[in-house]
Structure formats: C-alpha cells, structure tokens
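The values are calculated or read from the model by the stated rules, or taken from the named source; none is laboratory data. None of the values given here were measured: they were computed from a predicted structure. Cβ placement follows ideal geometry from the backbone for every residue including glycine, while neighbour counts extend to all protein chains displayed. Keep in mind that these areas ignore ligands, DNA and RNA; they rest on the heavy atoms of the full protein, side chains included. Shrake-Rupley method; radii C 1.70, N 1.55, O 1.52, S 1.80 Å.
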Amino acid sequence: SNLWYLFSHSVDKAWKELSNILSGIFCASLNFIDSTNTVTPTASFKPLGLANGTDHNLLRYAVLPREVVCTENLTPWKKLLPCGSKAGLAVLLKAERLFHSSYHSQAVHIRPICRDASCLAVSWELRQTLTVVFDTFSSGQGKKDWSLFKMFSRTLTDACPLASQSKVYVDISPKNKEKELLEVTPPPASVHEAIVQGDRRTYAVYDLLSPSLFNTSRSLNVQLKWKRPQDSSELPTPVLHAQRYVSGYGLQTGEISTLIYNTHPYRAFPVILLETVPWYLRLYVHTLTIITKGKENKPSYIHYQPAQDRRRPHLLEMLIQLPANSVTKITIQFERALLKWTEYPPDPNHGFYVSSSVLSALVPSVIAMKDMDVEQSPLFTSLFPSLDGSSYFVRLYTEPLLVNLPTPDFSMPYNVICLTCTVVAVCYGSFYNLLTRTFHVEEPSRGGLAKRLANVIRKFRGVPPL
C-alpha cells in the first residue's frame, strides 16, 4: 500500500510539473489542471511511440472545456516551427484570419521514436497540427470557389529552408462523376491517391521544394473553381458519429444522454466510451441504460471510479458493441450539488461545463480494399492510422455540455456589502471628525493704521466702513 501511494504520488507530481511547464511555454491555462479534473483511463488511451510500459496507472487525462485557444497560444506555437512564421506553409498562419473561421484547433504531439532502423538510439518526435475550417459557401455569396488568398489573405512565396518536405494537398476527389467540374489552378505537377478513413481520395500535390513551382510566378496562390454554380450539398455521413446532450427539468435532477451512430450497412464493431463528469454532478450509476434498436445492450467491459468531493471526478469507461445501421442511446441520471459560495466562478449564471466524451474504435471501411492499395505516405499514415485495409482507427470527441447548478442570488451579498461599507464609512468619518477636530476662537482684529485711515475717509464720503 505504501509503495502504491509513493508511485501514484510521483506520477501525479510529474503530471503537475508537465502541465505547468506546458502552460508557461504556450501561454495557456493548463495550470488549472489539478486532481479535480484529472482521471486515469484504463482502456481508452495507451502510450504512443516506443513506450514499453502498458500500465494504465502511468497515464493521466484531463480536459479544460471552459478554456479556448486564442492568439497568445498561437504565437508561441508558431515559434516551435523551424522557420517560425517567416517562410514555408507557416506564412499562412495569420491570427486574424485563423480565428475568424468556423473551427480552429491546434495540437502538439510528443513521442519517442527510433532514430535508425536498428533502434539503438531513441529520439523525441514533436508533431504540430493545426486544423482550420473555413465556410467559404457562406462567406463567398453562395459560391464554393476558394483560394489561399481569400482564406488567409496571403500566398506562399517560398519553402522553409530547413524543411525536408513541404507540400500542399488539395482534395479533388470525384463525387457523383463531377470530376470534370473542378478546376484547380495552377495545374498540379502530380496527383496522389490515398485511403483516408476508409474512403479513396485523390489529391493534387504542390511541392514547395520543387524549383519549377515558383519559376512562373513569385507566389503560389492555389485556387479551386467550379465550372458551373454549385448548390450547398450535404456532406456524406461518417460511419461513426455521436452527439451528447443534457435533459431534465428543475435544478435538482438531470440526465446525460449520448447517441452513438453506426451507419455501416452490414458491419458491427465495438467502441470504447470514456465519460468524465465533475464531482458536483452526483451520478446514479444504477440508472445507467444502454438501448440499441429498442433492446438492452450490455457492455462487455465497464470500469467506474466514483468521484470524491473536491478531489477527483467521475470516470466511466465502457466497451459497447454497435450493431450495423443502428443508433445506441446511453443515459445516466445525476443530481446537482450545492457548492460553497466561494467555489462559484465570476459568472455562475453562465453555467458549468462538462467535458466531452471520448469514443475510440476500429471502424470498418465501407469500400473493399486490399493491403497493397493503401498508399504508404508518411503524412496520411500518421494523421489517419489504419491497421489494415479493412479498418481504420478513429477517436471522436463529442460536444461539451453546459449544466446549470443551483446558484445563490449573488446580487444580495453585493447590495449588503455596498450598504454596509457606505454606513461604516459615513459613521466612521463623522465620529473620527468629531473626536479629532479641535476648535479655536479667533477675536476680530481692529486692523492697522491703513485700515483706520480708510474707514475715516469712507466716513467722510458716507460709505459704510470696512
């Protein structure tokens, strides 16, 4: 027991130091990570890279759903790049354009890898990813045309001299035999075929290291145009997607519902669900229900760690089988706790955030593929990992929840404080003035020679004296 306590304490200490270091490097709010929002998952995550240990006790997972990414986080993130934002693809990272988009996300991935084939030496790999979604259909007066200059207000002028690979991929995959309607300028030098999340995609490739790319012009402005007007078509539905919401009435009890969709026509597959709920929402585990196609769906693995008030959150992990072409609904009831008045944030009526659920699954591919059809590209194999041609790994994060808690009327203490301070200030000022003031009686002086002479002259003139 003592050894286990020391081991857990050392891991928590290292986790706290790591969060504070990252908070300082990226100017982020990661220093708010503590034991109240940190859990130890058992099945949802595992060490990446050359980590030999598979002990889940070494893992820590924390979420700050209230905090958002802002400009002060992007600036130190760009400084980690070899050329910063001076050359290469990072020239496009203009803050006012990135944060004026529909979605923005930046991440840093660090893992140990082999330095050579024999793996005698180990290096640390740092991978930075930036995801931005622009709604060009809404901002472009109903047109789906786009260009780098329209989205980023900048164009590419040169490659980073320190980069060994610098490429731009443009998705030109044909949809409903509409390939001839797409026009990409300038014409790409090469085309890349890849399997992305079970679907065959075609990409136009622009290699910034190619000397012939900047021969015709000094800048590269990739443009995609449609030869005829296009309506806003719906995106294809992914095989695995989910949504989450909170229901109930009043400020005492409520219910968290998670809907998981498997749209595959004939394949069933399992999914690992990770739920992290703050301690001030009292979960009733006996109310946990999993319904699929009107029948109860029992999980094959379940791990639950109850919360401790002001120390740790709830942790719920389940392995659920998703039948083909089905919707699985997971519900659990909770009760809201009443916090101490000092534990409420500055805007308590805004609500309290509940972090996203995490779904991890090996999703089967819709199209038939062979192992040899999977293009071994470093970019796509790292961003979209797949074990074989029949399935690919997906980790989804649902939307966070906003839950209202019983909140005292904080305007009343404010009024009492203002009134009390005013009364104390007036009373104290009056008493202090009376107790410390001294009174002096001054006799009127008769004045000097000049004043008496002036009064004599005024008397002769019939003017009242001074």
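Listing for the model above:
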item: Sequence of LYS451, LYS459, LYS78 from largest to smallest accessible area, 1.4 Å probe; result: LYS459, LYS451, LYS78
item: Out-of-range pairs (alpha-carbon distance over 23 Å; input LYS167/LYS225; LYS16/LYS46; LYS79/LYS167; LYS46/LYS94; LYS86/LYS225); result: LYS46/LYS94; LYS86/LYS225
item: Accessible surface of the chain [probe 1.4 Å, protein heavy atoms]: carbon and sulfur percent; result: 57 percent
item: The range 300-320 and the range 250-270: distance between their alpha carbon centers, rounded to Å; result: 18 Å
item: Average Cα contact separation per residue, the range 92-155, under 8 Å, 6 or more apart, as relative contact order %; result: 36 percent
item: Value of relative contact order over the range 240-403, rounded to a whole percent, pairs C-alpha under 8 Å and six or more apart; result: 29 percent
item: Cα Rg, Dmax, the chain, angstrom units; result: 33.9, 129
item: Added length on full extension, which subtracts the Cα-Cα distance from 0.36 nm per residue, THR237 to SER105; result: 45.3 nm
item: Set of lysines with alpha-carbon distance to LYS459 below 24 Å, sequence-local pairs under 8 removed; result: LYS451
item: Kirkwood hydrodynamic radius (C-alpha pairs) into Stokes-Einstein, the range 238-372, 37 °C and 0.692 mPa s, D in µm²/s; result: 198 µm²/s
item: Angle between the chain longest axis and helix 411-436 axis [Cα atoms, degrees, rounded to 10]; result: 30 degrees
item: Where the range 90-154 is the region considered: accessible area per residue in Å², 1.4 Å probe; result: 64 Å²
item: Theoretical gain in end-to-end length, SER8 to PHE32 [0.36 nm per residue, Cα-Cα removed]; result: 6.7 nm
item: Highest average packing first - 205-212, 34-41, 408-415, Cβ atoms within 10 Å; result: 34-41, 205-212, 408-415
item: Accessible-area value, VAL441, 1.4 Å probe, nucleic acids and ligands omitted, Å²; result: 140 Å²
item: The range 108-171-the range 26-100 distance, computed between alpha-carbon centres (Å); result: 16 Å
item: Sorted peptide list for 118-128, 10-20, criterion being average Cβ within 10 angstrom, highest first; result: 10-20, 118-128
item: Gyration tensor verdict on the range 24-132 (Cα atoms; rounded if a/c is under 1.5, prolate if a/b is larger than b/c, oblate otherwise); result: oblate
item: Exposure of LEU396 as accessible area (Å², to 10), given a probe of 1.4 Å and all protein chains; result: 50 Å²
item: The chain, helix-only ellipticity at 222 nm - DSSP H runs n ≥ 4, -39,500 (n - 2.57), divided by all residues, nearest 500; result: -6000 deg cm²/dmol
item: Potential lengthening between LYS295 and ARG310 on full extension [0.36 nm per residue; Cα-Cα distance subtracted]; result: 1.7 nm
item: C-alpha long axis of helix 2-26 to longest principal axis of the chain, angle in °; result: 70 degrees
item: For the chain, Cys with no neighbouring Cys Cβ under 4.7 Å; result: CYS27, CYS70, CYS418, CYS421, CYS427
item: Sequence ranges 245-256, 152-163, 341-352, ranked by mean other-Cβ count within 10 angstrom, highest first; result: 152-163, 245-256, 341-352
item: Most to least accessible of THR422, THR407 (protein chains only, probe 1.4 Å); result: THR422, THR407
item: Folded to 0 to 90 degrees: helix 449-461 orientation relative to the chain principal axis, Cα; result: 70 degrees
item: In nm, spacing of pseudo-spin labels at GLN252 and ARG200 (7 Å Cα→C-beta vector); result: 6.1 nm
